Amino acid sequence: MSQRPRASLGRVLDDLGDTLLELLAGDPAHDGEIGGVVIHDPDDEPVHPAGALVLAVGVRSGELPELVREVGRRGAVGLVVRAPVVLTDALAAAVEESRTALLGLRRGATWAQLTALLRSLLAEGDIGPAEAETLGGLPSGDLFAVANAIGALLDAPVTIEDRSSRVLAFSGRQDEADASRVETVIGRQVPERYARMLTDLGVFRELYREHRPVVVDPARLDEDRISKQRVAIAVRAGDEVLGSIWAAMDGEVTPERSAALRDAASLVALHMLRVRAGADVHRRLRTDLVSSVLEGAAGARDALGRLGLAGRPVVVLALALRHEPSAEHDHEPDPGGASTLERAADALAVHLSAAVPASAVAVVGGIVHALVPLPGDGSEPEERAARLAGEFCERLGTRLPVVVGVGGAGSDISAIVASREAATRAMRVLRDGVAPGGETRSVARLADVYTQSLLLELRDLAAARDERPVGPIALLLDYDERNDSGLAETLDAWLDANGDVRAAAAALFIHPNTLRYRLRRLEQVSGLDLADPEQRFGAALQLRLLALR
């Protein structure tokens, strides 16, 4: 029985529903948390804690109505049975009477998998400066140990990969395979050319359709760097394919080897689900804590302490994707979407863990925020945070185009909230592509882009009020629309060039005399006095906020 749970029945269905569980009848929206996981035993009935989730292992359909009523009387929030289940009138009436949700364990999933995942999901968790089950600041499992065990069992080097052919773990003795395997392990990703060959040959289609090992003859691949046959099997949890196991081995795939691979796939599925459930719990809790700190909400000081950052100067980083996603990611289901942002957050957490292990990273409000504890005086922490962010953006390159705003350093909640605001304002300037001089940069502090930030805020205010150009600029734009004369564009170029006629003419690819004529003409049309600094400033502001830009 699990103690001190943290999840409700609805939360369990959200996390495990697509993979293991389905709602058969009843309302999962029970108040309060699940009080524990109980395995039903008619010969030795255990004590039920309040709000228990009962697993009806081996219970027959005819026994379900009475069992539903019994667990309802004991205060259970749900009963899990092996699917499929025929929902008879008697069973539906029992569910309604007991006000207990009836859940089905999907075919192909085991009770052992469900029990382990429920206990992981419901277990009391906490986040502090040190976490026994983390790697690089992220939740970690023991997939490498599993890969080594499978490799020893098959006497072959093994990799465990996800659906995108990313290497999650690998066994030892990879040097005994061929050059392509070494390349895969070093890059932690199956090279695109190999993945394309496997796709064209229908290997992945067969792998995900069959429940047996699939053999890939290297001769079919017509690749010099692949000399050993591959034996692969899909890793499943119920109907969901989580990934696959790949062994580089010679010789016949005997019934014993096939059985070993099938058993290994079940073990890997359990572990992958545990890692995923644990990562979700960890991420959700960390997000709640970081959000509380950034918003300065009630309990923010306690949240800061639980993150291990109380009393330490903290710099806030705000990261977002550029508005123009990289073409490399156009094939993804949500380019620039939530999963891409989560990937960027995970990458930033790993990067920061090497230099500042106590950093906390979470996605809050569609923006990746990092709380980075950096000691120092004056602007030193801010400058160091900017360098760390710059190194991160350089490592990502065009694979994941991001921009990062850097806030100031502060140790109390109000200062951290102010740091978040400054970081967000700087980030927005970079994301919207309005950095000083039109330059493309990935990292900035608010001081670097302060004027551009003010202009963005003024533009937001003007848009909220639905402002339109007035006075000389309105006359100029109306004249351009009727005559296609480009006078407003001429004025904008001249103002950008600080009154330098030759520079403005070169920017417009026209002769300086032509530009001088247009300047005289726009003064006649609009009544604008270009010799008046106040009128020049007003014209420039309207052009930037309301008209051309």
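Taking region 321-344 as the search range and keeping residues that are assigned to a loop (DSSP other than H, G, I, E, B) and surrounded by fewer than 13 Cβ atoms within 10 Å (Cβ to Cβ), which one is modelled with the highest pLDDT?
Step one: filter region 321-344 for residues assigned to a loop (DSSP other than H, G, I, E, B), giving 322-326, 330-337.
If we keep only those that are surrounded by fewer than 13 Cβ atoms within 10 Å (Cβ to Cβ) too, we end up with 323-324, 330-331, 333-334.
Working: H323: 66, E324: 53, D330: 38, H331: 35, P333: 36, D334: 41.
So the residue we want is H323.
Only residues that are touching a helix residue (DSSP H, G or I) at 6+ places or on another chain (Cβ under 8 Å) and assigned to a helix (DSSP H, G or I): list them for region 231-265, please.
R257, A260, L261, A264
Condition check ((1) under 22 Å from the mean Cα position of the chain (by Cα); (2) surrounded by fewer than 19 Cβ atoms within 10 Å (Cβ to Cβ); (3) outside the structural domain of N148 (by TED's automatic domain parsing); (4) more than 29 Å from S379 (Cβ to Cβ)) across all residues:
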residue: T254; (1), (2), (3), (4): no, yes, no, yes
residue: L261; (1), (2), (3), (4): no, no, no, yes
residue: S292; (1), (2), (3), (4): yes, no, yes, no
residue: L304; (1), (2), (3), (4): no, no, yes, no
residue: G311; (1), (2), (3), (4): no, yes, yes, no
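Identify the single condition in (1) in contact (Cβ under 8 Å) with a residue 60 or more places away in the chain; (2) closer than 30 Å to V406 by Cα that A539 does not satisfy, given that it satisfies every other one.
(2)
Only one residue in A464, A474 is within 27 Å of R428 (Cα to Cα) and of a type in the set (G, A, S), so which one is that?
Values: A474 fails: within 27 Å of R428 (Cα to Cα).
The match here is A464.
Tally up the residues in region 156-200 that are outside any helix (DSSP H, G or I) and either within 29 Å of the chain's Cα centre (by Cα) or modelled with pLDDT of 85 or more (or both), please.
Residues that pass the stated criteria total 20.
Mind listing just one residue for me: the one in region 515-540 that is out of contact with any helix residue (DSSP H, G or I) (no Cβ under 7 Å at 6 or more places or on another chain) and surrounded by 14 or more Cβ atoms within 10 Å (Cβ to Cβ) and, of those, farthest from L458 (Cα to Cα)?
Step one: of region 515-540, the residues out of contact with any helix residue (DSSP H, G or I) (no Cβ under 7 Å at 6 or more places or on another chain) are 517, 520, 523-524, 531-535, 537-538.
This time we only want the ones that are surrounded by 14 or more Cβ atoms within 10 Å (Cβ to Cβ), so: 523, 535, 538.
Values: E523: 27, Q535: 19, G538: 13 Å.
Result: E523.
Residues that are within 47 Å of the chain's Cα centre (by Cα) and farther than 19 Å from Q535 by Cβ: list the helices (runs of 4 or more DSSP H) wholly contained in region 461-511 that include at least 1 such residues. Walk me through it before giving the result.
On the way: elements: 471-483, 487-496, 501-508.
Result: 471-483, 501-508.
Considering D162, D178, which residue is surrounded by 14 or more Cβ atoms within 10 Å (Cβ to Cβ), under 30 Å from E22 (Cα atoms) and among the acidic types (D, E)? Explain how you work it out, then say what you get.
Numbers: D178 fails: under 30 Å from E22 (Cα atoms).
Checking each option against the conditions leaves just D162.
Looking at region 394-412 only, could you name the residues that are over 17 Å from R384 (Cα atoms), touching a helix residue (DSSP H, G or I) at 6+ places or on another chain (Cβ under 7 Å) and buried (at least 19 other Cβ atoms within 10 Å of the Cβ)?
Hits for region 394-412 are L400, V402.
Of the residues that make up region 269-280, is at least one closer than 24 Å to L374 by Cβ, surrounded by 15 or more Cβ atoms within 10 Å (Cβ to Cβ) and touching a residue at least 24 places away in the same chain (Cβ under 8 Å)?
From region 269-280, those closer than 24 Å to L374 by Cβ are none; that's our starting set.
Scanning region 269-280 turns up no residue that is closer than 24 Å to L374 by Cβ, surrounded by 15 or more Cβ atoms within 10 Å (Cβ to Cβ) and touching a residue at least 24 places away in the same chain (Cβ under 8 Å).
Out of D460, D466, D480, D484, which single residue is surrounded by fewer than 14 Cβ atoms within 10 Å (Cβ to Cβ) and modelled with pLDDT of 80 or more? Don't jump to the end; show me each part of the working.
Numbers: D460 fails: modelled with pLDDT of 80 or more; D466 fails: modelled with pLDDT of 80 or more; D480 fails: surrounded by fewer than 14 Cβ atoms within 10 Å (Cβ to Cβ).
Just one listed residue meets the conditions, D484.
If you go through region 205-216 one residue at a time, do you hit one that is crowded, with 17+ Cβ neighbours inside 10 Å, of a type outside the set (F, W, Y), modelled with pLDDT of 85 or more and within 30 Å of the chain's Cα centre (by Cα)?
Initially, region 205-216 is screened for residues crowded, with 17+ Cβ neighbours inside 10 Å, giving 207, 213-214, 216.
Of the ones still in play, those that are also of a type outside the set (F, W, Y) are 207, 213-214, 216.
Right, trim to modelled with pLDDT of 85 or more and you get 207, 213-214, 216.
Now drop any that are not within 30 Å of the chain's Cα centre (by Cα), which leaves 207.
Yes.
Would you call S244 assigned by TED's automatic domain parsing to the domain that holds A145, closer than 17 Å to S171 by Cα and hydroxyl-bearing (S, T, Y)? Let's see the steps before the verdict.
Working: assigned by TED's automatic domain parsing to the domain that holds A145: yes; closer than 17 Å to S171 by Cα: yes; hydroxyl-bearing (S, T, Y): yes.
Yes: the conditions hold for S244.
Against the condition in a loop (DSSP other than H, G, I, E, B) and of a type outside the set (A, V, I, L, M), how does G433 come out, does it pass?
Working: in a loop (DSSP other than H, G, I, E, B): yes; of a type outside the set (A, V, I, L, M): yes.
Here the answer is yes, as G433 does meet what is asked.
Which residues, taken from region 57-85, are free of Cβ contacts under 8 Å to residues at least 12 places away in the same chain and either crowded, with 22+ Cβ neighbours inside 10 Å or of a type in the set (S, T, N, Q) (or both)?
Correct list: empty.
When you check T398 against the structure, is it among the polar types (S, T, N, Q), in a loop (DSSP other than H, G, I, E, B) and at pLDDT below 90, yes or no? If you could, list the steps in order and put the result at the bottom.
Numbers: among the polar types (S, T, N, Q): yes; in a loop (DSSP other than H, G, I, E, B): yes; at pLDDT below 90: yes.
Yes; evaluated as a whole, the condition is true for this residue.
Would you be able to say whether some residue in region 345-360 is assigned to a strand (DSSP E or B), within 19 Å of A320 (Cβ to Cβ) and either touching a helix residue (DSSP H, G or I) at 6+ places or on another chain (Cβ under 7 Å) or hydrophobic (A, V, I, L, M, F, W, C) (or both)?
So in region 345-360, the residues assigned to a strand (DSSP E or B) come out as 360.
Those left that are additionally within 19 Å of A320 (Cβ to Cβ): 360.
Next, from what is left, pick out any that are either touching a helix residue (DSSP H, G or I) at 6+ places or on another chain (Cβ under 7 Å) or hydrophobic (A, V, I, L, M, F, W, C) (or both): 360.
Yes, region 345-360 has at least one match.
I need the full set of residues from region 73-99 which are assigned to a loop (DSSP other than H, G, I, E, B), in contact with a Gly (Cβ under 8 Å, 6 or more places away or on another chain) and of a type in the set (V, I, T), in order please. Give the derivation first.
Step one: list which residues in region 73-99 are assigned to a loop (DSSP other than H, G, I, E, B), which gives 74-77, 83-88, 99.
The next check asks that each one be in contact with a Gly (Cβ under 8 Å, 6 or more places away or on another chain); those that pass are 75-77, 83-85, 99.
Hits for region 73-99 are V77, V85.
The values are calculated or read from the model by the stated rules, or taken from the named source; none is laboratory data. Fair warning: this is a prediction, and the values are worked out from it, not measured in the lab. Every residue, glycine among them, receives a Cβ derived from its backbone with ideal geometry; neighbour counts consider all protein chains shown.
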